[in-house]
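Student: Encoded as structure tokens, here's the structure I'll be asking about.
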Amino acid sequence: MNLSPNELWNAFIASFKKNMIASQNENSLVSLFKDKFINRTERTSFYKEDLFKKVAKDLDLAIEEKELLRVDIVLTKRYEGSWPVPIIFIESENDAAGELDREIFKLLSVNSPLKVLITYLNIEEEIKSEFEGHEDSYWYYLLRDFAKLNRLTGFFGVISPFFEDGKLCFHYVVYDDSGNLVGNLQKFYLN
């Protein structure tokens, strides 16, 4: 696997969608996501033990059993040597009012072609805030600073599950290695 960050993001989000849709028939995803506070542990367990194992398999990657560099989920590939090379780092922040900025900083500080943040903020509002020039957009100021003073390594994706019109919906966006938004805000629904 030697995909560009853009190709990797497209493959990742396609697998994420496919496996979330398949999981809605196997699990009670609505109840898992409906209560933002009660089901934090269950959501994290679902991500680690179910969803991202399937995504890793689709992408011909391995999921590390232990946290690497204190990142929640790391999908790796072994090449000639025996060391796992991080391809995708994933952080799931169940408390949007918690330490989201630290989770973003952590992801921006690691080297991989793709980093993904799953948050419970309404990212549609964050994207609007970013383009209206507000400095309080959670990831934009961090992305901008990293891109200007250092550099971003790989793409940075953000996924946010929430309920819209009574349906579970996932918004997602991705930023390139210069900190620029690639495309527009996207979304998909589960029944």
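Student: Whole-Hz ³J(HN,Hα) for each residue in segment 100-114, computed from phi via Karplus 6.51 cos²θ - 1.76 cosθ + 1.60 with θ = phi - 60°, x for glycine and proline: what do you get?
Tutor: Values per residue, Gly and Pro as x: 4, 4, 5, 5, 5, 4, 4, 5, 5, 8, 9, 9, 6, x, 8 Hz.
Student: Rank these residues by their accessible area, most exposed first, probe 1.4 Å: 102, 40.
Tutor: 102, 40
Student: Under 13 Å from the Cβ of residue 78, count the other residues' Cβ atoms, weight Lys and Arg +1, Asp and Glu -1, and hand me the total.
Tutor: Computed value for this residue: -2.
The values are calculated or read from the model by the stated rules, or taken from the named source; none is laboratory data. These numbers were taken from a predicted model, which means no experiment stands behind them. When we count neighbours, we look across all protein chains shown, and the Cβ atoms used for this are built from the backbone with ideal geometry, even at glycine. The accessibility values were calculated without ligands, DNA or RNA, using every heavy atom of the protein model including side chains. Shrake-Rupley method; radii C 1.70, N 1.55, O 1.52, S 1.80 Å.
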